[in-house]
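Inspection log for the structure reproduced underneath, given as structure tokens.
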Amino acid sequence: MKKQRKGNAVWHNVGKLLMIVAFSMVFPLMTAAFYRETCGWVFLLMLPVTMGLGWFLVQVFRPAQKEVHLQVRDGAAIVTYGWILAALLGMLPYLLAGTFDNAADAFFEAMSGFATVGASVLDDIEGAPRAILMWRSVTHWLGGMGIIVLFVALLANLGANAMQIFKAEAAGPVKDKLHPKIADSARSLWKLYIFNTMITFLLMLLCGMNVFDAVNHAFSIVATGGFSTRNLSIGSYGSPLLEWVIAFCMYMAGVNYTLLYLTFRNRSLKFFWKSREFKVYTAVMLLAILLITVDILPQYGYDVMTAVRHSAFHVASVLTTTGFVCADYELWVPAAQILLVLLMFSGACAGSTTCGFKIDRHIILVQQARMEVQRFLHPRLVRTLKSSEKNLPEQTLHSVTTFFYLFMVIVLVSTLLLCCMGLDFISALTCALSCLGGVGPALGTLGPIESFSSAPTAAKWLCSALMLIGRLEIYTVLAVFWPAKHRHIWYKKLPVYGDYDE
Amino acid sequence: MRAVIIGAGKIGYNIAETLSNEGHDVYVIEKDEERKQIVEENLDVQVMMGNGADSRLLESIDIEGADLLIAVTENDELNMMSCMLAGQYGVKKTVARVRKPEYDRNNKLASNPALNIDLMINPERVAAAEIAKIISVPEAVDVNYYAKGKITLLELLIEAGNSSIGYALKDLRGKHQFLVAAIYRDGSLIIPRGDDKIMQGDRVFLIGRTDQMREVEKVLGFQRRTIRSVMLMGGSRVAFYLAQLLEKRGLEVKIIEKDYKHCKHLAGQLDEAIILNGDGSDIDLLQDEGVQDTDLFVALTEDDKLNILVSLMAKRLGAKKIIAQVRRSDYMPLIEAVGIDIAISPRLLTAEAVLRFVRNSEFLSISVLEKGSAEVYEIIVNAHMKRLINKPIKDLGLPKGILIGAMFRNNDAVIPSGNDVLMPGDRIIIFAAAAVVRKVEYFLRQEA
């Protein structure tokens with residue numbers, strides 16, 4: 001009986017979440033109306049359908065009592081099911097408009113959109129209707145700050161429970177609250193996000209983009225997604241100024257939103273210089289730009305300005321897991337390519353719209369490694385881990401090391417599976433890393449100028465799953481699919497040390 | 001002057017004793033019967049039983065119009081409240097002892113006019129600063145800086161084998177200017193002349209420019225050692241403040257602390273220091289952690305006897321210099337005799353600091369050297385000090401025992417010779433032996 005009620009609460013909230021997705025279809029609908037595109041009927045149909053499904057779930061699964069206590073597990077369930085359903089509904093416009101003829105492609109595109117990965121199976125982007133392109137960008141924009149965050153900000157009437165689902169989607173090892181009230185925090189985040197989008201939009205306009213491209217790219221950049229409206233991504237504009245501006249916008253999109261919030265609230269830039277993660281993030285970026293520039297300089301005929309620009313653009317693009325390209329980096333020397341692969345493994349600041357491993361986790365692991373070496377010399381050493389002056393509880397370290405382990409295992413197992421599906425090693429490894437890390441383009445046959453359309457169908461489904469797992473930072477998805485009923489079997493096979501009672 | 005001292009602990013007692021001996025009216029408020037009796041028996045002061053923030057009690061000793069209130073109980077909040085009350089009664093100057101780092105770091109609180117605290121003093125921080133000062137010139141017994149740090153006064157102990165033993169002062173020559181202000185020999189202070197010789201066991205007071213001190217020391221046979229590694233036993237507050245200061249200078253700091261939770265706490269507050277959970281009196285641990293190679297060992301536990309014992313052990317094991325925290329002042333004379341290089345007492349240091357503050361504020365700073373055998377004043381000469389200006393220093397008629405140790409003019413420090421003339425605006429360092437301290441005032445008197 002008790003379980004039933006909780007299931008109710010989960011689907012009730014998933015329903016509300018779908019209503020947000022339905023609302024977002026207004027954007028492509030308006031685009032279709034503006035450009036008088038015939039595919040507008042798709043969204044005219046999908047909007048009420050999605051809304052109806054959401055309303056149906058809300059009504060049918062109305063919880064019996066007003067106050068339902070959600071557990072962490074329920075939060076994870078709402079987020080995971082919500083994301084999967086959103087992607088399932090999000091793929092329908094692609095199928096109905098005839099952009100794709102199979103579910104694998106459409107689901108891949110939708111998931112890549114929501115998870116802000118930016119890998120695309122669309123071969124001829126410029127040939128697709130503008131409404132569809134707008135839908136791709138809107139999925140990015142929703143997924144960037146998080147559907148859940150928006151949901152908590154607008155609809156959730158969850159009280160203390162909101163934190164459970166907020167945590168399940170928020171990125172990074174340490175979750176900050178901006179306000180005492182979680183709904184206020186979510187609202188502040190979205191306000192900042194919208195503000196960022198506006199600024200980016202204006203910058204794009206100033207750099208000579210047309211309004212349609214500017215909106216799409218602004219959505220894509222602030223969400224660190226990577227969908228473009230051009231086949232050759234940013235490279236097609238051929239504008240050095242635009243490349244520099246986008247590189248900078250991507251860099252800013254990789255900054256922790258808590259930091260941005262504090263900066264705006266106190267009107268002071270000091271928080272940037274106080275934040276260790278920001279400093280490391282900037283240092284990593286500059287170092288990578290320098291190294292890659294040096295590597296590729298001979299190839300560019302010692303044209304320093306172009307080499308620096310291309311290097312900076314791709315470093316920002318990969319480090320923030322955006323995935324825009326302005327040149328074919330597959331033609332670069334291997335060292336430069338490997339550097340990009342390493343950056344895929346790095347990620348930007350925690351609490352930003354980026355995916356991936358996150359600088360903060362690296363900082364914690366480096367501290368831990370240093371501590372272990374020191375402990376080897378001084379067996380009685382006592383040390384705590386710190387994140388920008390704050391002391392972290394032991395728990396965080398365990399969570400980060402396990403995250404690292406899971407991340408590696410998932411990448412390697414996926415590489416194996418992708419190789420079995422027929423991909424070559426480089427493509428498989430970078431594809432797994434790119435999808436889990438939310439970057440987008442990979443190397444090899446799935447490189448920056450190719451699309452993922454050549455990948456086998458099975459690989460597309462696997463990649464879609466990786467994107468979801470990566471965007472929700474592994475634990476949330478695993479928690480939902482962890483075999484609860486058979487848990488005792490695991491424990492009996494692997495007795496815990498010191499657990500003699502059982 | 002009428003002074004009210006709240007709390008008759010070690011610091012309060014010390015201040016009360018000094019002020020009372022200087023002829024001031026001192027009231028002491030103490031809540032503990034036993035402490036009250038001790039003070040009453042030993043000092044010529046009036047002792048009241050009670051709480052220092054009790055207005056009725058304060059009124060009963062006629063707090064209105066008192067010149068000074070010093071709140072030095074163990075309780076930070078009580079001290080702050082007493083100062084606040086004193087403000088309402090119009091007490092001219094207040095001092096509060098505040099030990100919690102959360103309070104004394106918080107400038108908003110410290111500078112809050114409602115609290116009315118003129119000097120907030122943290123004994124542990126004072127002690128840590130003192131040790132850090134010594135560490136910057138490890139070969140010295142004591143170091144004092146003047147004129148924004150440009151002038152240094154060192155107290156150097158001449159040990160057996162020093163190359164300058166037997167030389168007369170006039171034969172000591174170096175590249176740079178310096179001044180041997182005094183020599184402390186066999187318990188008394190000598191104002192040396194040129195033909196006085198340096199002897200083993202002397203404590204020499206040397207004044208010079210800070211940037212040249214490294215060279216100047218060589219004249220007396222000292223070679224500056226740089227301290228790179230410091231080992232602290234006990235993770236007390238002093239250890240924490242000290243580690244913080246040393247971390248900033250980039251020194252290698254190790255702290256050995258018994259209590260695991262406390263280790264955790266320290267580790268959370270410090271960035272680079274190596275915090276070890278273990279017993280500092282465990283010789284194996286000390287050796288494993290390299291006490292034999294450490295430049296400085298500082299014993300800072302709560303237990304005086306342990307500090308003395310372990311620091312001596314550390315020295316035997318090879319630590320180059322040792323400092324021990326000793327709370328009981330009656331141990332102090334013994335300590336340097338048994339071979340501990342320097343003994344630090346946070347309470348005595350605090351009492352000194354409070355007294356420096358309380359005394360005449362026309363001095364920029366006052367330091368007391370070698371248990372009160374001499375004092376050093378830093379002042380700015382003004383046009384009304386007719387007895388100091390417009391004459392070469394040798395013609396000022398300064399009595400034996402008073403020296404112009406250094407002069408700071410146009411942002412440049414010089415060691416003046418007898419022919420230099422002081423001018424208004426100069427910042428000068430006056431060195432005065434205890435016997436002639438009272439005469440300093442005569443020379444500083446202002447005349448229209």
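The values are calculated or read from the model by the stated rules, or taken from the named source; none is laboratory data. In this text, all values refer to a predicted model and were calculated from it rather than measured experimentally. Positions of Cβ are backbone-derived with ideal geometry, glycine not excepted, and every protein chain shown enters the neighbour counts.
At a glance:
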read-out	value
Of all residues in segment A:348-384 being of a type in the set (A, V, I, L, M) and in contact with a Lys or Arg (Cβ under 8 Å, 6 or more places away or on another chain), the one that is nearest to the other protein chains (Cβ to nearest Cβ)	A:Val382
Close pairs from segment A:217-238: first under 18 Å from A:Asp124 (Cβ atoms), partner among the basic types (Lys, Arg), Cβ under 7 Å, at least 6 apart	A:Phe227/A:Arg136; A:Ser236/A:Arg230
Residues of segment B:52-63 classified as buried (at least 18 other Cβ atoms within 10 Å of the Cβ) and out of contact with any helix residue (DSSP H, G or I) (no Cβ under 6 Å at 6 or more places or on another chain), total	2
Some residue of segment B:295-305 being without any contact (Cβ under 8 Å) to a residue 24 or more places away in the chain and surrounded by 19 or more Cβ atoms within 10 Å (Cβ to Cβ)	no
Criterion: modelled with pLDDT of 85 or more and acidic (Asp, Glu) - qualifying residue of B:Asp186, B:Asp202, B:Asp195, B:Asp171	B:Asp202
Residue pairs meeting the criteria (Cβ under 8 Å; at least 6 apart or on separate chains; first in a helix (DSSP H, G or I), in segment A:185-196; second at pLDDT 90 or above and surrounded by fewer than 23 Cβ atoms within 10 Å (Cβ to Cβ))	A:Asn196/A:Met252
Failed condition for A:Ser268, given (1) out of contact with any Ser or Thr (no Cβ under 7 Å at 6 or more places or on another chain); (2) at pLDDT 90 or above	(2)
Elements of type helices (runs of 4 or more DSSP H) contained in segment B:246-335, each with 1 or more residues being more than 10 Å from chain A (Cβ to nearest Cβ) and within 30 Å of B:Gly9 (Cα to Cα)	B:304-317
Top-ranked residue in segment A:347-394 [being part of a loop (DSSP other than H, G, I, E, B) and in contact with a strand residue (DSSP E or B) (Cβ under 9 Å, 6 or more places away or on another chain); ranked as surrounded by the most Cβ atoms within 10 Å (Cβ to Cβ)]	A:Ala350
Subset of segment A:232-259 (residues that are part of a loop (DSSP other than H, G, I, E, B) and under 27 Å from A:Gly347 (Cβ atoms))	A:Leu232, A:Gly254, A:Val255, A:Asn256
Of the criteria (1) buried (at least 24 other Cβ atoms within 10 Å of the Cβ); (2) in contact with a Ser or Thr (Cβ under 8 Å, 6 or more places away or on another chain); (3) within 27 Å of A:Leu462 (Cβ to Cβ), which one A:Trp135 fails	(2)
In segment A:427-460, residue farthest from the chain's Cα centre (by Cα) [restricted to those that are within 21 Å of A:Gly347 (Cβ to Cβ) and among the β-branched types (Val, Ile, Thr)]	A:Thr430
Filter pass, A:Glu473 being at pLDDT below 90, in a loop (DSSP other than H, G, I, E, B) and closer than 29 Å to A:Ile78 by Cα	yes
Breaking point among (1) over 24 Å from the mean Cα position of the chain (by Cα); (2) assigned to a loop (DSSP other than H, G, I, E, B); (3) not charged (D, E, K, R), for A:Val308	(2)
Only one of B:Val47, B:Val39, B:Val28 that is within 20 Å of B:Arg359 (Cβ to Cβ), hydrophobic (A, V, I, L, M, F, W, C), in the same structural domain as B:Asp62 (by TED's automatic domain parsing) and surrounded by 14 or more Cβ atoms within 10 Å (Cβ to Cβ)	B:Val28
Hits in segment B:415-436 (condition: in contact (Cβ under 8 Å) with a residue 60 or more places away in the chain and either in contact with a His (Cβ under 6 Å, 6 or more places away or on another chain) or crowded, with 18+ Cβ neighbours inside 10 Å (or both))	B:Ile415, B:Arg427, B:Ile429, B:Phe431, B:Ala433
Residue check, A:Leu397 of a type outside the set (Phe, Trp, Tyr), within 14 Å of chain B (Cβ to nearest Cβ) and part of a helix (DSSP H, G or I)	yes
Residues (closer than 15 Å to B:Thr301 by Cβ and touching a strand residue (DSSP E or B) at 6+ places or on another chain (Cβ under 7 Å)) located in segment B:215-242	B:Met231, B:Leu232, B:Met233, B:Gly234, B:Gly235, B:Val238, B:Ala239, B:Leu242
Test: B:Leu232 is assigned to a strand (DSSP E or B), hydrophobic (A, V, I, L, M, F, W, C), touching a residue at least 40 places away in the same chain (Cβ under 8 Å) and away from chain A (no Cβ under 12 Å)	yes
Strands (runs of 3 or more DSSP E) completely within segment B:27-144 that count 1 or more residues being more than 30 Å from B:Leu206 (Cα to Cα) and β-branched (Val, Ile, Thr)	B:46-49, B:68-71, B:93-97
Pairs with Cβ under 6 Å, 6+ apart, first in segment B:74-97 and of a type in the set (Asp, Glu), second surrounded by fewer than 20 Cβ atoms within 10 Å (Cβ to Cβ) and in a strand (DSSP E or B)	none
Residues that are more than 30 Å from B:Val95 (Cα to Cα), in contact (Cβ under 8 Å) with a residue 24 or more places away in the chain and among the small types (Gly, Ala, Ser), drawn from segment B:349-406	B:Ala383, B:Gly401, B:Gly405, B:Ala406
Which numbered condition B:Ile340 fails, given (1) part of a helix (DSSP H, G or I); (2) of a type in the set (A, V, I, L, M); (3) surrounded by 17 or more Cβ atoms within 10 Å (Cβ to Cβ)	(1)
Subset of segment A:101-157 [outside any helix (DSSP H, G or I) and closer than 26 Å to A:Met344 by Cβ]	A:Ala115, A:Thr116, A:Val117, A:Gly118, A:Ala119, A:Ser120, A:Val121, A:Leu122, A:Asp123, A:Ile125, A:Gly146
Any hit, segment B:177-196, residues being within 22 Å of B:Lys315 (Cβ to Cβ) and more than 20 Å from the chain's Cα centre (by Cα)	no
Scope segment B:2-13; condition in a helix (DSSP H, G or I) and surrounded by fewer than 21 Cβ atoms within 10 Å (Cβ to Cβ); matching residues	B:Lys10
